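Quick note: the coordinates plus some simple rules give every number you see, no bench work behind them. Worth saying up front: this structure is predicted, and the values here are computed from it rather than measured. As a convention, Cβ positions derive from the backbone with ideal geometry for all residues, glycine included, and neighbour counts pool all protein chains shown.
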Amino acid sequence: TKDDVFVKIKVSVQFMVIKEKVYDAFYKLDYPNDQITSYVFDVVRAEVPKMILDDVFEKKHDVAIAVKGELNEAMKNYGFDIIKTLVTDIDPDSQVKESMNRINASEREKVAAQFEGDAQRILIVERAKAEAESKRLQGQGIADQRREIARGLEDSVKVLNGVDINSQEASALIVVTQHYDTLQSVGSASNSNLILMPNSPQAGSEMLNNMVASFTASNQIGEEMKKAALKKEKEKNKE
C-alpha cells in the first residue's frame, strides 16, 4: 500500500463465454483461468499501491470495479464476458492487524472514558444542586422554627404580664423553665452523651437571680445614660 503495508487481497471473478465467440474462447486461450488470474494480479498491484491501508478497506469496491473494467477490455477479445468481480478478503500483516486492534481499543477506551467523565460531571452537578436545595430547605425550616419560638415566647410574656409579672421576671422565668425542659429531654434519652452544666436545682435559682439582677443593672445603666445625655443637652442650650 501507499503507507508501506503488505496486504493479501482475495478477488473473486464471475465470467461466462460469449455465445457468438465460443470458437475464440476455446481456441485462442489454452488456460483462460490463468490468464484471468494474471490480469487480476496486474490490476490489483497497480491500484492498491495508490491507497493507504485504511482506504483499501473503505474503497475495496473501487478496486473491484477497476479489475472488472480491465478484464472486460482484455478478455472480450478471447470470447469471455466478465459478469462481476468481488474483493472478498483483505488480510494485512499480523503485526499490522494487532496494531489496528490496539488503535481501535484505544479509541473505544477514550470514548468510554469521555462518557464516564460526562456521567461523573452530571452526577456531581446534580448532587451539588440537591445539597444546595437541602441546605435552603433546612435553613428555611430553622428560620420558621425560630420564628415560632419567638412568637411563643412573646405570647408567654404577655400572659405573665397579665398576672402582674413584669417583662424581666417573665423572661427569666421562661429561661429557667426551658432549662428544666432541657434537663428532662436529656434524661429521657438512654444513650445521650450530652452534659449540661450547671444542672442542680440551686443552679436554676441562681440563674433566675442573676438574670433579674442583670436586667435591673442594665435598666439602671440605661437610666443613668439618659440622665447624662439630658444634662449635656441642657448645658449646651445654656451656652
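Could you list the residues of the range 1-42 with an amide nitrogen less than 20 Å from a label point located 7 Å from the Cα of ASP54 in the Cα-to-C-beta direction?
Those under the cut-off are 1-8.
Under a 5 Å amide H to amide H cut-off, with H placed in plane at 1.01 Å, what residues pair with PHE80 once short-range neighbours are removed?
ILE18
Taking the alpha-carbon distance from LYS226 and a cut-off under 23 Å, which lysines remain once sequence neighbours fewer than 8 residues away in the same chain are dropped?
Within reach: LYS234, LYS236, LYS238.
For LYS97, which aspartates and glutamates qualify as cross-link partners when the Cα separation must be under 16 Å and same-chain residues fewer than eight apart are set aside?
Correct list for LYS97: ASP3, ASP4, ASP54, ASP55, GLU58, ASP89, GLU107.
Using the Kirkwood formula on the Cα atoms of the range 93-163, what hydrodynamic radius do you get, in angstrom to one decimal?
Computed over the range 93-163, the radius equals 17.8 Å.
Excluding residues fewer than 8 places away in the same chain, name every one of the aspartates and glutamates whose C-alpha is closer than 19 Å to that of LYS232.
Cross-link targets: GLU223, GLU224.
Which links in LYS50/LYS76; LYS10/LYS60; LYS19/LYS76; LYS158/LYS227 stretch past 18 Å when you go from one Cα to the other?
From the list (LYS50/LYS76; LYS10/LYS60; LYS19/LYS76; LYS158/LYS227), the Cα-Cα distance tops 18 Å for LYS50/LYS76; LYS158/LYS227.
Under 1.5 on a/c is rounded, so check that first for the range 82-129, then, if it is not, pick prolate when a/b is larger than b/c and oblate when it is not; a ≥ b ≥ c are the square roots of the alpha carbon gyration tensor eigenvalues.
oblate
Taking 0.36 nm per residue of separation and subtracting the Cα-Cα distance, what length does fully extending ALA217 through PHE41 add?
Using 0.36 nm per residue and subtracting the Cα-Cα distance, I get 51.9 nm.
Obtain the nm distance between the two label points defined at ALA112 and SER185 by a simple spin-label model: each point lies 7 Å from its Cα along the Cα-to-C-beta direction.
Calculated label separation equals 5.3 nm.
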